[in-house]
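The values are calculated or read from the model by the stated rules, or taken from the named source; none is laboratory data. Only a predicted model underlies this, so the values are computations on that prediction, with no experimental measurement involved. Positions of Cβ are generated from backbone atoms using ideal geometry, with glycine treated the same way; all protein chains shown enter the neighbour counts. Areas reflect the complete protein model, heavy atoms only, side chains present, ligands, DNA and RNA absent. Shrake-Rupley method; radii C 1.70, N 1.55, O 1.52, S 1.80 Å.
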Amino acid sequence: MAPTPRILRSALLIAALAAALPASALAESDDDAFFRQVAGKWTGPGKIVEGKLKGTHFKCELDGLPVTGEEGGFKLDGKCRAGLFSHPITAVFIRDGDSYRGQFLDGEEGEGLAVTGGSIEDQKAVISLRRKEVEGALVTSMQSENDLNITLLIKGGTRYVPVIGLSLKREGDPFTVGAIK
């Protein structure tokens, strides 16, 4: 049975619409979708839940910026304040083939941590961190379009212990923040 002109027109219209979409819209990976969703201005409270400063409350203001290019990734950049003290915060997470690289603060060479790997599934990124012999993870999860939770965990023995927790809310339009290279 030959296709009717109406079916043929419908098929051509669908093919033309699909061809007009960017390739990323046709088959966007979990990684790319997550990187795009982290874009925007984020603010909210945090708390140190373990260690010498346990119980310390702070507030952060961070910009989520997608890293563009072949690799893709995201950067969180801003500051956190506890009382009169403010500290700059930067986390960079970049896809590197089948793995990830980057740094938290100024990396393992400075006062921060190195990104040694990670995975993204659905609305959650689990980023592996290291500082010399200390292993950790940064779990970043989108709870909704405007809610982002971040937990920093440090490996203690055979399990990971939460050390810092943040609950961030998106401010304004998520698409007003530009991409970085």
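Miscellaneous remarks
- Taken over the range 68-86, the residue count meeting the criterion of being in a strand (DSSP E or B) and either within 16 Å of T43 (Cα to Cα) or among the small types (G, A, S) (or both) is 10.
- For first residues located in the range 59-75 and at pLDDT 85 or above, partners that are of a type in the set (K, R) and crowded, with 19+ Cβ neighbours inside 10 Å and lie 6+ apart or on another chain with Cβ distances below 7 Å form the pairs L65/K75; G73/R95.
- Cross-chain or 6+ apart pairs with Cβ under 7 Å, the range 87-101 first and farther than 23 Å from E111 by Cβ, then in a strand (DSSP E or B) and open to solvent by less than 60 Å² (accessible area, probe 1.4 Å): R95/G73; S99/G117
- Conditions (1) in contact (Cβ under 8 Å) with a residue 24 or more places away in the chain; (2) farther than 15 Å from D32 by Cα; number of the one not met by E133: (1)
- Checked against (1) closer than 24 Å to E135 by Cα; (2) in contact with a Leu (Cβ under 6 Å, 6 or more places away or on another chain), G44 passes all but a single condition, namely (1).
Yes/no per residue for (1) in a strand (DSSP E or B); (2) of a type outside the set (V, I, T); (3) open to solvent by 30 Å² or more (accessible area, probe 1.4 Å):
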{"residue": "V126", "(1), (2), (3)": "yes, no, yes"}
{"residue": "R130", "(1), (2), (3)": "yes, yes, yes"}
{"residue": "E135", "(1), (2), (3)": "yes, yes, yes"}
{"residue": "N149", "(1), (2), (3)": "yes, yes, yes"}
{"residue": "L152", "(1), (2), (3)": "yes, yes, no"}
{"residue": "Y160", "(1), (2), (3)": "yes, yes, yes"}
{"residue": "L166", "(1), (2), (3)": "yes, yes, no"}
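- Residue among E71, E50 that is closer than 19 Å to N149 by Cβ, open to solvent by 60 Å² or more (accessible area, probe 1.4 Å) and among the acidic types (D, E): E50
- In a residue-by-residue description of the range 103-124, the property of being over 19 Å from L153 (Cα atoms), of a type outside the set (F, W, Y), within 16 Å of the chain's Cα centre (by Cα) and open to solvent by 20 Å² or more (accessible area, probe 1.4 Å) applies to at least one position.
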